[in-house]
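Okay, structure first, notes after.
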Protein chains: 2
Amino acid sequence: MEVTGILETCLYAENLSEAEAFYSKFPGIDLVSKEKDRHVFFRCGSSMLLIFNPKHTANEQTDVDGQAIPLHGASGAGHVAFSIQTGFLNKWKELLQREGIEIESEVTWPNGHISIYFRDPAGNSLELVSSEIWGIKN
Amino acid sequence: MEVTGILETCLYAENLSEAEAFYSKFPGIDLVSKEKDRHVFFRCGSSMLLIFNPKHTANEQTDVDGQAIPLHGASGAGHVAFSIQTGFLNKWKELLQREGIEIESEVTWPNGHISIYFRDPAGNSLELVSSEIWGIKN
């Protein structure tokens, strides 16, 4: 018996239309469902990226047949790293430039892998890097 | 070219020793590295769970050879769902009970899958559920 992986990763954004438009620019991040003013859900590889409006999820109790979905909701910049295929960093830089997304930083790690960092419209810090940086097969 | 998955999922906790002790109770969540007062990193399946102290990462600039790692750090309850093998929910309930972790809620979704929810010591909302809830193979 073990935890087999991380199934849902969450970020928070008060403006969900803006978040939806932003994340939809990324091939491989695919809209699954949304609920106005509450959330936008995306599939990404074998897991889910859930963007919640913390004003809603931290305050308004939602339930399923009377069973409460616990409140959650953070403020401040969260962080998510997305894995990209090795060797595609320049193509991603071109995509970000084309979409008007500013690269905040580029970091070359001691093991030679390179991360690029940028922000989503809510200020969350996003990173693109090969999963090999953690010794995880692509 | 596409994003191949979510490589790093973050939660925030000011007390990292407490976070390390807590997450280490879960088979399948394995300590990879830590830096006192800044972070504790775990591997979970094919991705990483990073617990950061937001007092550090939101305020103190870290760099790698002069290249800045962007600041991030949230307050309030974040949320992560971990995938578990289908059919193991009762075994997980036993483990939580044995470890003195209170189940906050149990939700049966319209598709029949069941989620259990509990909190980490920092108040983040955690969920255990089969990945099949999202139509994702276990």
Does at least one position in segment A:7-21 carry a residue that is in contact with a Ser or Thr (Cβ under 6 Å, 6 or more places away or on another chain) and not in a loop (DSSP other than H, G, I, E, B)?
-> yes
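Table: residues versus (1) under 18 Å from B:F22 (Cβ atoms); (2) assigned by TED's automatic domain parsing to the domain that holds B:S17.
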{"residue": "B:F42", "(1), (2)": "yes, yes"}
{"residue": "B:I51", "(1), (2)": "yes, yes"}
{"residue": "B:A58", "(1), (2)": "no, yes"}
{"residue": "B:Q61", "(1), (2)": "no, yes"}
{"residue": "B:V80", "(1), (2)": "yes, no"}
{"residue": "B:G87", "(1), (2)": "no, no"}
{"residue": "B:W92", "(1), (2)": "yes, no"}
{"residue": "B:E104", "(1), (2)": "yes, no"}
Applying the selection to segment B:22-52, what residues are more than 9 Å from chain A (Cβ to nearest Cβ) and part of a loop (DSSP other than H, G, I, E, B)?
-> B:S24, B:K25, B:K36, B:D37, B:R38
Hey, any hits in segment B:99-113 for a residue that's without any contact (Cβ under 8 Å) to a residue 24 or more places away in the chain, facing another protein chain (nearest Cβ under 7 Å), touching a Pro at 6+ places or on another chain (Cβ under 7 Å) and polar (S, T, N, Q)?
-> yes
Residue set B:P70, B:P121, B:P54; condition of a type outside the set (D, E, K, R) and in contact with a helix residue (DSSP H, G or I) (Cβ under 8 Å, 6 or more places away or on another chain); output residue B:P121
Can you pull out the strands (runs of 3 or more DSSP E) entirely within segment A:53-118 that have at least 1 residues that are of a type in the set (A, V, I, L, M) and surrounded by 15 or more Cβ atoms within 10 Å (Cβ to Cβ)?
-> A:67-69, A:73-77, A:79-84, A:105-108
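The values are calculated or read from the model by the stated rules, or taken from the named source; none is laboratory data. Please read all numbers here as calculations on a predicted model, not as lab measurements. Using ideal geometry, Cβ is built from the backbone for each residue, glycine included, and neighbour counts are taken over all protein chains shown.
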